[in-house]
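The values are calculated or read from the model by the stated rules, or taken from the named source; none is laboratory data. For clarity, every value in this text was computed on a predicted model and none was experimentally measured. In this analysis, Cβ positions are derived from the backbone assuming ideal geometry, glycine residues included, and neighbour counts consider all displayed protein chains. Heads up: the accessible areas ignore ligands, DNA and RNA and are worked out on the full protein's heavy atoms, side chains in. Shrake-Rupley method; radii C 1.70, N 1.55, O 1.52, S 1.80 Å.
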Amino acid sequence: MNTESEKEQFLKEFGNDYGYANAPKNIDEIRATEFKRLNDTVYLDHAGATLYSEAQMEAVFKDLNSTVYGNPHSQSSCSLASEDIVGKARQQVLSFFNASPREYSCIFTSGATAALKLVGETFPWSSNSSFMYTMENHNSVLGIREYALSKGAAAFAVDIEEGTHLGESESPKSNLKLTQRHIQRRSEGRVAKEGMTGNTYNLFAFPSECNFSGRKFDPNLVKIIKEGSERILESSQYCRGSWLVLIDAAKGCATNPPDLSKFKADFVVFSFYKLFGYPTGLGALIIRNDAAKLMKKTYFSGGTVAAAIADVDFFKRREGVDEFFEDGTISFLSIAAIQHGFKIINMLTTSLISRHTTSIAAYVRNKLLTLKHENGEFVCMLYGLLSSEMGPMVSFNMKRPDGTWYGYREVEKLATLSGIQLRTGCFCNPGACAKYLGLSHLDLLSNIEAGHVCWDDRDILHGKPTGAVRVSFGYMSTFEDAMKLVNFVENNFVISSSNRCALQPSSISLPIEGIAKAAARHFLSSITVYPIKSCAGFSVDQWPLTSTGLLHDREWILKSTTGEILTQKKVPEMCYISTLIDLNLGKLFVESPRCKEKLQIELTSNSLVTGRDEMDIQNHRYEVRSYNNEVDIWFSRAIDRPCTLLRNSSSQSHSCINKNGSPGMCRDVGARLNFVNEAQFLLISEESIADLNSRLKSNLDGRRSNDGQAVQVGAMRFRPNLVASGGEPYAEDGWNNLTIGVKYFMSLGGCNRCQMININPEAGEVQRFSEPLATLAGYRRAKGKIMFGILLRYENNTKTESDTWIRVGEEIVPNIDRH
């Protein structure tokens, strides 16, 4: 795709909307001067968090370095300076939403979620109340349901279908279809007993823009629900009373903030980092003053009371709405920073930002919809296309030529390697996710039963996606960003005659020349033991085998104080912890450049052991031993974070299959295992490494290390237990089973590689590259996995094997799969 001609065509269609031609800076100037850090990064997760500009941060630091801001709950001049800047910030926020201070107040919170929580916990719920919300709401809105249900109120979701958006003179009521879902209630009997006494208040919540699909919701919903709820809900018992309306503007506020002079919502919530990137940890609740009088707040704190007596049940609240709700000292330094973000928004205007970002999203949408495989099947399934208006984001999944789905984690992994940052999953919006993916309640429960949770790698279950790929655009996004995304999708997921060999699973089957030379002899050239999972291992010439693999291999793990098993993926410094086992001395020696003393752990003695416990990891249950505080302090110092060392009592480790019979992520559920991810052994070949390095060397398109030398990798980058030599590259892919000497091993298939092989410790500093995973992805992909090396299980037969040691130099005799 030619960039110049493609952009020329884009500008013919969208030139009037794209690029801020009449603003003080156009898009090219903005990117060149304010976002130099993006350089080789295509950032496409503005729905998650947009980016701050360099000028914005310079202004923030200049302000903080030149002004002394004190606690606003005081009368000093520094405190008055804070009070003044906070007051101006409140007015800026109200002006942004076109809200009159006579009607609305701005309450600062720690974010949109905190604002939603505040509404939920102070709303005047009763057993006659209803909480109604659209299916396409964020989890933070769904959480309000817990407050409603706990007070005996009813809760239910609704599907809303709209036609085209309406003009101001038109009636919105005839253009709306609302479908009510199942009524949820925890105290069914309370309605009849209590009856309709006093005022009943109900709450309706909807997003200004769905963060899953990009669908924009008509703000006329505010009027419709407030004025015509009985007609819309067909005189249901759940429509009685007064309706208050909440708009979640977290996603939509950057391009289309609700106009509160026209649409009198009672509550609007948002976060500032969604608007202009900084500050994080700060949001606001815009509350209608009449609605604020109804809220029932129990707790009081510093700043919310005018007076209190410590030993008597007496306190007097402050009169101001913001003072009533803002517990404690607000984040006044962060609040002081928002004026510099608003300067950017006001300079460009939300109208121009909306037109600019929407034009980019429309281009991407149009391009993805046209992509086809060589067999004529469409590649992309886009979500939300039937909506009358769409925001600046595109949510989609992709199919292979045979109709099976590409997993979104595969897309995310490859995108990261290509310098593209995007979002995958359900985006904390389970209702929209289920709706657009066509997932029934049975599907959802089945997925949960299979172990699927938010942020995991289970992207395809029972043949259906569990989430989607989302790209979203911000005010600094460019056409070039969009074009790089489209090129990425086309090059990596569209099967055509030019890329079929690279993208189809058959590309990693045993090469023909490998079969022809199957008689080539193979030998074991290296053995490596890794006593502590994800720490450095040590090489040996010979080593005993056990029913769990190499003796003491991955027998220890490090666990964080939160219970997370630590690996180099999150703690790359673990690669600097070196290990050595002396079988004659019966000791494990551990060293770290951060620790002066070498740690010694007795293999058979329990002198350092302080306790025993059971834990489940990768669908295996282990009995583990913990060590004394001195050992834990040593490792905590070595990785610069609190952790504990645990040892597997291997005789107790066994598989624990999920309830539905699924073995989960561990492939070798039938074997006794130490703390491995999938299998007892990983084997790679020297010839495969050499072929990979040859490909790396030939890739001169910028894949270079920091010193300008082409990236080259050694076998240890892949953390193999066994390295073979002899034969053709990737011959090991076709091995069903093999013998090493007289020891028999079963192949469990290829090893799926992750970002961990891109970690390269050099000169005492961990460096992260896109290689070698990026190159492997180009020719070793199969069904969402990037394969390199094979996994083995030792078939221990003590009756026929008198020698249970494995030795460097022993011949490897594979049984080759020729099919």
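Assorted remarks:
- The set of residues from segment 206-224 being in a loop (DSSP other than H, G, I, E, B) and either closer than 12 Å to ALA432 by Cβ or charged (D, E, K, R) (or both) comprises CYS210, ASN211, PHE212, SER213, GLY214, PHE217, ASP218.
- Only one of MET574, MET615 that is in a helix (DSSP H, G or I), within 19 Å of ARG554 (Cα to Cα) and of a type outside the set (Lys, Arg): MET574
- Subset of segment 241-255 that is in contact with a Ser or Thr (Cβ under 6 Å, 6 or more places away or on another chain) and not aliphatic (A, V, I, L, M) - its residue that is most open to solvent (accessible area, probe 1.4 Å): GLY241
- Of all residues making up segment 292-307, the number that are part of a loop (DSSP other than H, G, I, E, B), at pLDDT below 90 and loosely packed, with under 15 Cβ neighbours inside 10 Å: 5
- In this structure, LYS262 does satisfy being open to solvent by 20 Å² or more (accessible area, probe 1.4 Å), within 30 Å of THR350 (Cα to Cα) and charged (D, E, K, R).
- Out of LEU545, LEU580, sole residue that is in contact with a Pro (Cβ under 9 Å, 6 or more places away or on another chain), closer than 30 Å to GLY809 by Cα and assigned to a strand (DSSP E or B): LEU580
- Residue in segment 84-138 that is farthest from LYS293 (Cα to Cα), counting only those that are of a type in the set (Lys, Arg), touching a residue at least 60 places away in the same chain (Cβ under 8 Å) and assigned to a helix (DSSP H, G or I): LYS88
- Test: MET398 is open to solvent by 50 Å² or more (accessible area, probe 1.4 Å), touching a residue at least 40 places away in the same chain (Cβ under 8 Å) and either in a strand (DSSP E or B) or aliphatic (A, V, I, L, M) (or both): no
- Check on THR358, in contact (Cβ under 8 Å) with a residue 24 or more places away in the chain, β-branched (Val, Ile, Thr) and surrounded by fewer than 19 Cβ atoms within 10 Å (Cβ to Cβ): no
- Residue in segment 82-92 that is out of contact with any Asp or Glu (no Cβ under 9 Å at 6 or more places or on another chain), among the hydroxyl-bearing types (Ser, Thr, Tyr) and either more than 20 Å from GLY303 (Cβ to Cβ) or surrounded by fewer than 21 Cβ atoms within 10 Å (Cβ to Cβ) (or both) present: no
- Those residues of segment 523-542 which are farther than 22 Å from ILE689 by Cβ, open to solvent by 20 Å² or more (accessible area, probe 1.4 Å) and in a strand (DSSP E or B), in sequence order: GLN542
- Set LEU11, LEU51: member being in a loop (DSSP other than H, G, I, E, B) and either over 30 Å from PRO392 (Cα atoms) or touching a Phe, Trp or Tyr at 6+ places or on another chain (Cβ under 8 Å) (or both): LEU51
- Test result for THR604, of a type in the set (Ser, Thr, Tyr) and either modelled with pLDDT of 90 or more or farther than 27 Å from GLN542 by Cα (or both): no
- Hey, ASN346 without any contact (Cβ under 8 Å) to a residue 24 or more places away in the chain, under 28 Å from THR109 (Cα atoms) and either touching a Phe, Trp or Tyr at 6+ places or on another chain (Cβ under 6 Å) or open to solvent by 60 Å² or more (accessible area, probe 1.4 Å) (or both) or not: yes
- Condition check for ARG409: farther than 25 Å from MET787 by Cβ, open to solvent by 20 Å² or more (accessible area, probe 1.4 Å) and either in a helix (DSSP H, G or I) or among the aliphatic types (A, V, I, L, M) (or both): no
- Screening segment 461-475 for residues that are buried (at least 24 other Cβ atoms within 10 Å of the Cβ) and among the hydrophobic types (A, V, I, L, M, F, W, C) and picking the one that is farthest from the chain's Cα centre (by Cα) gives PHE473.
- In this structure, GLU630 qualifies as of a type outside the set (Phe, Trp, Tyr), open to solvent by 10 Å² or more (accessible area, probe 1.4 Å) and at pLDDT 90 or above.
- Positions within segment 238-277 being more than 17 Å from ASN220 (Cβ to Cβ) and of a type in the set (Ser, Thr, Tyr), in sequence order: TYR238, SER242, THR255, SER271, TYR273
- Answer residue from segment 779-813, given it is open to solvent by less than 40 Å² (accessible area, probe 1.4 Å) and farther than 24 Å from VAL676 by Cα and is modelled with the highest pLDDT among those: GLU810
- Filtering segment 29-40 to residues that are open to solvent by 50 Å² or more (accessible area, probe 1.4 Å) and part of a loop (DSSP other than H, G, I, E, B) leaves ASN39, ASP40.
- Scanning segment 719-771 for residues that are open to solvent by 40 Å² or more (accessible area, probe 1.4 Å) and in contact with a Gly (Cβ under 8 Å, 6 or more places away or on another chain) yields ARG719, GLU728, ASP733, SER770.
- Residue match in segment 586-603 (condition: open to solvent by less than 50 Å² (accessible area, probe 1.4 Å), out of contact with any helix residue (DSSP H, G or I) (no Cβ under 7 Å at 6 or more places or on another chain) and hydroxyl-bearing (Ser, Thr, Tyr)): no
- Filtered by the rule that a residue be touching a Pro at 6+ places or on another chain (Cβ under 9 Å) and either closer than 15 Å to SER418 by Cα or not in a loop (DSSP other than H, G, I, E, B) (or both), segment 769-783 gives ARG781, ALA782.
- A single entry from ASN98, ASN71, ASN26 fulfils the requirement of being polar (S, T, N, Q), surrounded by 13 or more Cβ atoms within 10 Å (Cβ to Cβ), touching a Ser or Thr at 6+ places or on another chain (Cβ under 9 Å) and at pLDDT 95 or above: ASN98.
- Residue satisfying all of: in segment 123-141; more than 20 Å from VAL222 (Cβ to Cβ) and not small (Gly, Ala, Ser); most open to solvent (accessible area, probe 1.4 Å) among these: ASN139
- Taking the criterion of being farther than 29 Å from ASP541 by Cβ, in a strand (DSSP E or B) and more than 23 Å from the chain's Cα centre (by Cα), the only residue of segment 738-765 that qualifies is GLU765.
- So VAL364, is it hydrophobic (A, V, I, L, M, F, W, C), touching a helix residue (DSSP H, G or I) at 6+ places or on another chain (Cβ under 6 Å), assigned to a helix (DSSP H, G or I) and touching a residue at least 12 places away in the same chain (Cβ under 8 Å): yes
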